[in-house]
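Peer 1: Quick one: structure below, then a few questions.
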């Protein structure tokens, strides 16, 4: 059996685990028992439990993916771009980064980021367009601009587009009409955030060169144990630790790595936990920590549970240590999140508040209203805030102080940057740890619109503990979206404004900072926020 372990320190999970064993929770999940999460969740759960046996049902994909990869390589097509959001992009990013193979993950509407992806080796590029519904606006926009770029370069676009979608989606129909290179139909009974071992995770990763058969083998090696009604079941222990800590007031989990060899698992788990549990005014806030030295791991507040992936030399006094290979970890965290959902009394398979920001953004695109006037501008940074936040405030420093002053004793700060996460704006993410030290509260950092498909659910549906710092920037150059009445710059601006509007409607304090000059603005912000 592949080694997989969950060790708890200073966390009493035994009693809860005994109860879970008595209720046969693990075996009922494996048997796809939709009644586990209560009557209100039953209809959704009945079509969302296909992830429990993907280590078996995804096997037929392997030969198809291997054959397509061989075809593409024979044609000199060795650069894979993935157009996908949330569950369609987070798992492939972890898989390929951990495997050390190149995959360009395009999960943004920032015009600079999209333009950079278009300009890189187009003659050797294949784009994988991944969307369960087929109607995701970001993914559709990326597909359109790549198709146009291929045609402009004299390349048959259809031969360079591979689709991953659910059966019967509009994207599946379009792919058939346009004659796209290949269509992979994913299991419709798996939600996006549980889809790591479906076609959504495997197709782009396999085409990029990752050993996806090994992932399924790793999951298969632990599947029987995770489905077992036994007290040493790692999934029961992890789920009990997450939910038990929540019940004891530790409703935040900081996930850090300790030499596991897995790159970016915390970012994938962040979506899984936040979107699955953050609803009905409750939930577990995941914090994707960079290292064991980050404040919420090294010196956690009394409402933070450290969760360390790997084998730390010094385990936490109070926390969880999780060790195992990537395929096994995917299945472990999925089981554990489903278990935590049962213990918290919520449906871990829906995301009722994700759609609200999409609707608000769509409304802003359709209505094209004039931008909300800034309360004031300081040093080239336009400052806006939710009702009452900026009363009497006239400076950027004062605006930041006003937002941080709204932090409750058990609150958190969410920094939401609608910028280029892999280009010149990337360094802004460095402000997260200094902000934690400054506020002595947990801070999360999300790149927009990427986080709207993950922690965005928790922000709106979870407990009203957060304060929100939104950062946007004027693009150096905008980029048109073929056959659409808006540009990428207008789209990302509408997504940011729509998200801020919905947060404010939920009574969340929101400070919005717009950088009229990105480089100068980021330098200024890094100084102020640190």
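All of the numbers you see were taken from the coordinates with simple rules; none came from a lab. Remember, it's a predicted structure, so these values are computed and weren't measured experimentally. Glycine also receives a Cβ, built like all others from the backbone with ideal geometry; neighbour counts cover every protein chain displayed.
Peer 1: Under the rule a/c < 1.5 gives rounded, and otherwise a/b versus b/c splits prolate from oblate, where does the stretch 53-216 land using the Cα gyration tensor? List each step's numbers first, then the result.
Peer 2: Values: a/c = 1.42, a/b = 1.28, b/c = 1.11.
Rounded is the answer for the stretch 53-216, as its axis ratio a/c remains below 1.5.
Peer 1: Using the Cα gyration tensor of the stretch 242-385, with a ≥ b ≥ c the square roots of its eigenvalues, what is the shape: rounded (a/c below 1.5), prolate (a/b larger than b/c) or oblate (neither)?
Peer 2: Working: a/c = 2.14, a/b = 1.61, b/c = 1.33.
Here the stretch 242-385 falls in the prolate category.
Peer 1: Another question, then. Can you give the FRET efficiency to the nearest 0.05 for residue 231 and residue 437, using r as the Cβ-Cβ distance and R₀ = 51 Å?
Peer 2: Rounded to the nearest 0.05, the efficiency is 0.85.
Peer 1: By how many nm would the segment from residue 422 to residue 397 grow when fully extended, if each residue of separation counts as 0.36 nm and the alpha-carbon distance is taken off?
Peer 2: So the chain would gain 6.3 nm between residue 422 and residue 397.
Peer 1: Okay, moving on. Would you mind computing the Rg to Rh ratio of the chain from its alpha-carbon coordinates, Kirkwood style for Rh? It would help to have the intermediate numbers written out before the result.
Peer 2: On the way: Rg = 22.4 Å, Rh = 23.4 Å.
That ratio is 0.95, to two decimals.
Peer 1: Of all beta bridges DSSP finds with both residues in the stretch 354-529, what is the antiparallel percent, to the nearest 5?
Peer 2: Within the stretch 354-529, antiparallel bridges account for around 35 percent of the total.
Peer 1: In what sequence do 416, 7, 85 fall when counting other Cβ within 10 Å, fewest first?
Peer 2: 7, 85, 416
Peer 1: Between residue 3 and residue 387, what is the label-to-label distance in nm when each label sits 7 Å out along the Cα-to-Cβ direction?
Peer 2: Label-label distance for residue 3 and residue 387, simple model: 5.7 nm.
Peer 1: Using the per-residue mean of other Cβ atoms lying within 10 Å as a proxy for protection, in what order, highest first, do the peptides 188-195, 326-333 fall?
Peer 2: Per-residue mean Cβ counts within 10 Å order the peptides as 326-333, 188-195.
Peer 1: Let me ask something else about it. Would you mind ranking 125, 377, 57, 337 by Cβ crowding within 10 Å, fewest neighbours first?
Peer 2: Numbers: 125 21, 377 12, 57 17, 337 26.
In increasing order of surrounding Cβ atoms, one gets 377, 57, 125, 337.
Peer 1: Most exposed first by the Cβ proxy, i.e. fewest other Cβ within 10 Å, how do 37, 268 rank?
Peer 2: 37, 268
Peer 1: Under a plain spin-label model, where a point goes 7 Å from the Cα along Cα-to-Cβ, how far apart in nm are residue 429 and residue 291?
Peer 2: Each label point lies 7 Å from its Cα, and together they span 1.5 nm.
Peer 1: For the pair residue 148 and residue 368, what calculated FRET efficiency results from E = 1/(1 + (r/R0)^6), where r is the Cβ-Cβ distance and R0 = 25 Å, to the nearest 0.05?
Peer 2: E(calc), rounded to 0.05, equals 0.65.
Peer 1: Multiplying the sequence separation of residue 15 and residue 47 by 0.36 nm and subtracting their Cα-Cα distance, what value in nm do you get?
Peer 2: On the way: separation 32, 0.36 × 32 = 11.52 nm, distance 3.08 nm.
Full-extension gain reported as 8.4 nm.
Peer 1: Moving to a separate point now. Based on the mean of other Cβ atoms within 10 Å per residue, sort peptides 353-360, 170-177, 64-71 so the most packed one is first. Present the calculation step by step, with values, prior to reporting the outcome.
Peer 2: Values: 353-360: 18.1, 170-177: 16.6, 64-71: 15.1.
In decreasing order of mean packing, 353-360, 170-177, 64-71 become 353-360, 170-177, 64-71.
Peer 1: If you average the C-alpha positions of the stretch 87-112 and of the stretch 248-315 separately, how far apart do those two centres end up, in angstrom?
Peer 2: What the calculation gives is 21 Å, centre to centre.
Peer 1: Taking a ≥ b ≥ c as the square roots of the Cα gyration tensor eigenvalues, with a/c under 1.5 meaning rounded and otherwise prolate when a/b beats b/c, else oblate, which class fits the stretch 190-267?
Peer 2: prolate
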